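Reading through the structure tokens given below for one structure.
The values are calculated or read from the model by the stated rules, or taken from the named source; none is laboratory data. Just so it is clear, the model here is predicted, and its values are computed rather than measured. Glycine gets a Cβ as well: all are built from the backbone with ideal geometry, and neighbour counts include every protein chain shown. Side chains are part of the model used for accessible areas, which takes the heavy atoms of the whole protein and leaves out ligands, DNA and RNA. Shrake-Rupley method; radii C 1.70, N 1.55, O 1.52, S 1.80 Å.
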Amino acid sequence: MEYGNRNVTPPPYYGQSSVVSQTNAIMKRVYVRMFIGLLISAFCALGIVSSPAAMSFFFGSKIVFWGTLIAMFAMAWILPARMNKMSTAAVLGCFCLFSALMGIWLAPIFIVYRVGTIVYTFFITAGTFGAMSVYGYFTKSDLSKMGSFLMMALFGLIIASVVNIFWANNTMEWVISIVGVLIFIGLTAWDTQSIKRMAAANLDPQLADKFATIGAMNLYLDFINLFLFLLRIFGGSRD
């Protein structure tokens, strides 16, 4: 901040340490819950793929498969909008359920890709995600404009992905994967900054806890999508 013609650090204001403590506490909950969500997804995926009966139930029936997918999309859209009318336990429970459903949907990757490739890609994802989340947390730059652009790009990516389901063009799939990686790298930084700014607001303790769960869900989705796009780039199939 500029005082007169000199650049000096502004004096601390009353309650600054309290705001920092609140922000750190909420961000800690965000990352812990995101990690728990990833663990739930991993265990569910491994449990489903290790059971032929479970694989047949979830992927042998179009009704169950599409029902699971629709339920995930519905929860991703409805949960943030309805969190004010839900208890903190209900919000957290829904996030855990969402993570479990995602794990079920991810189970086939253990059939399509080698386990070594999945593990290797996971660590690449973790490193990339961690670096961009740290950047989003500490950067002084306002990432709001970048976030708006990335959201528009994401909608375009979804449309291109749907089109390529019918077109089945390998070059197009490669381009979609690369663009997807770039989009979710940027979204990781943007979401982290947005969550940090909200965490610094003067929130009611109950609302803060709900917000920590929703923030964890946003970063969880960034991580999962980044992982899947990287897996399509680096992962050779079993064949």
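In what sequence, highest mean first, do 112-118, 27-33 appear when ranked by Cβ atoms within 10 angstrom?
Top of the packing list down: 27-33, 112-118.
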Shape call, segment 57-127: gyration tensor on alpha carbons, a/c limit 1.5: oblate
Quick one: what are the phi-derived ³J(HN,Hα) couplings along segment 172-189, Karplus 6.51/-1.76/1.60 with θ = phi - 60°, whole Hz, x for glycine and proline? 5, 5, 4, 5, 4, 5, 5, 4, x, 4, 4, 5, 7, 5, x, 5, 4, 5
If one takes the longest principal axis of the Cα atoms in the chain, at what angle in degrees, from 0 to 90 and to the nearest 10, does the Cα axis of helix 16-49 lie? 0
Listed residues 43, 110 arranged by accessible area, highest first, probe 1.4 Å: 43, 110
In segment 171-239, trypsin sites (Lys or Arg not before Pro) in a DSSP loop with at most 15 other beta-carbon atoms within 10 Å: 238
Among 176, 64, 78, whose Cα sits farthest toward the positive end of the charge dipole of segment 48-186 (+1 at Cβ of Lys/Arg, -1 at Cβ of Asp/Glu, about the Cα centre)? 78
In degrees from 0 to 90, rounded to the nearest 10, what is the angle of the helix 88-106 Cα long axis to the longest principal axis of the chain? 40
Segment 203-231 versus segment 138-196: alpha-carbon centroid distance in Å: 16
Using the Cα gyration tensor of segment 82-180, with a ≥ b ≥ c the square roots of its eigenvalues, what is the shape: rounded (a/c below 1.5), prolate (a/b larger than b/c) or oblate (neither)? rounded
Which of rounded, prolate, oblate describes the chain, given a ≥ b ≥ c as roots of the alpha-carbon gyration tensor eigenvalues and a/c under 1.5 marking rounded, otherwise prolate only if a/b is larger than b/c? prolate
